[in-house]
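Data block below; observations after.
The values are calculated or read from the model by the stated rules, or taken from the named source; none is laboratory data. This one's a predicted model, so the numbers in the text were calculated from it and none came from an experiment. Cβ placement follows ideal geometry from the backbone for every residue including glycine, while neighbour counts extend to all protein chains displayed.
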């Protein structure tokens with residue numbers, strides 16, 4: 001059952017990822033990315049990450065993708081034109097990426113010890129309580145630095161997007 | 001037809017992560033629209049998050065969840081600043097094609 005669920009949602013993720021790369025219109029790519037993020041949230045739940053699964057849905061599929069779609073609609077972005085330049089990337093890119101994927105497969109198969117498989121419910125430390133304990137005991141300093149980073153990002157976004165007033 | 005295992009091995013998750021990462025790299029290399037390039041970067045970040053959480057399952061600790069949470073936060077900050085930059089570029093150039101935004105080249 002776990003394997004079937006994995007295969008279904010991994011298939012959805014790969015198909016949506018391919019669709020993201022192949023579609024010509026940015027709004028289709030954005031909707032495909034929402035599909036990838038939703039199926040990844042289900043996979044996180046299978047791996048026992050309840051908190052991170054919900055955060056994925058709310059932060060990524062909710063907030064960030066709404067921002068993307070909002071910008072696409074604001075800029076009225078249309079279908080992209082095929083470019084005649086970058087021949088090197090067009091021809092060498094696909095074989096190089098296939099080689100990268102093959103090397104990754106080989107390393108994953110060789111380096112991993114044989115595991116009993118991923119069972120839903122076997123990992124018990126992904127709930128918000130345990131995450132909060134870990135976050136505020138072991139990772140307090142990165143957490144605070146992250147708040148500073150977000151403050152800088154807010155100021156940067158406001159400065160970049162403001163209207164010039166003379 | 002070989003019998004399906006009852007539980008997906010950990011390597012399947014890592015292979016899915018590798019596939020999604022390579023798809024993100026492909027989108028980054030081949031697409032011309034700056035917003036789609038940006039979305040490919042988000043796809044790569046998601047792929048890395050998946051392998052963080054898969055390894056976290058394997059090791060029985062939730063440190064990987066914390067790291068992928070930080071990756072999400074950084075991605076949110078990056079999306080806010082990046083989309084503001086895209087808005088500014090569009091306001092000044094009236095284009096989203098990355099081939100035409102090349103004044104820093106050479």
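Things worth noting here:
- Any hit, the stretch B:52-60, residues being farther than 22 Å from residue A:109 by Cβ, out of contact with any helix residue (DSSP H, G or I) (no Cβ under 8 Å at 6 or more places or on another chain), assigned to a helix (DSSP H, G or I) and more than 7 Å from chain A (Cβ to nearest Cβ): no
- You will find that of A:75, A:135, A:112, A:149, the residue that is touching a helix residue (DSSP H, G or I) at 6+ places or on another chain (Cβ under 7 Å), over 25 Å from residue A:13 (Cβ atoms) and at pLDDT below 90 is A:75 and no other.
- Among the residues of the stretch B:1-21, those that are within 19 Å of residue B:55 (Cβ to Cβ) and without any contact (Cβ under 8 Å) to a residue 40 or more places away in the chain comprise B:7, B:8, B:9, B:11, B:12, B:15, B:16, B:17, B:18, B:19, B:20, B:21.
- Among the residues making up the stretch A:111-128, a single one is farther than 14 Å from residue B:9 by Cβ and loosely packed, with under 10 Cβ neighbours inside 10 Å: A:121.
- Flag for residue A:58 being in contact (Cβ under 8 Å) with a residue 40 or more places away in the chain and either loosely packed, with under 14 Cβ neighbours inside 10 Å or at the interface with chain B (Cβ under 10 Å from one of its Cβ atoms) (or both): no
- Considering the stretch A:33-50, the residues that are within 7 Å of chain B (Cβ to nearest Cβ) and in contact with a strand residue (DSSP E or B) (Cβ under 9 Å, 6 or more places away or on another chain) include one that is surrounded by the most Cβ atoms within 10 Å (Cβ to Cβ), namely A:47.
- Boolean, residue A:30 is within 7 Å of chain B (Cβ to nearest Cβ) and either modelled with pLDDT under 90 or farther than 24 Å from residue B:15 by Cα (or both): no
- Hits in the stretch A:117-138 - residues which are on the phi < 0 side of the Ramachandran plot and more than 7 Å from chain B (Cβ to nearest Cβ): A:120, A:122, A:124, A:127, A:128, A:129, A:132, A:133, A:136, A:137, A:138
- Restricting attention to the stretch B:75-106 and to residues that are more than 7 Å from chain A (Cβ to nearest Cβ) and part of a helix (DSSP H, G or I), the residue that is surrounded by the fewest Cβ atoms within 10 Å (Cβ to Cβ) turns out to be B:92.
- Matching residues in the stretch A:94-110 - criterion: being at the interface with chain B (Cβ under 7 Å from one of its Cβ atoms) and surrounded by fewer than 13 Cβ atoms within 10 Å (Cβ to Cβ): A:109
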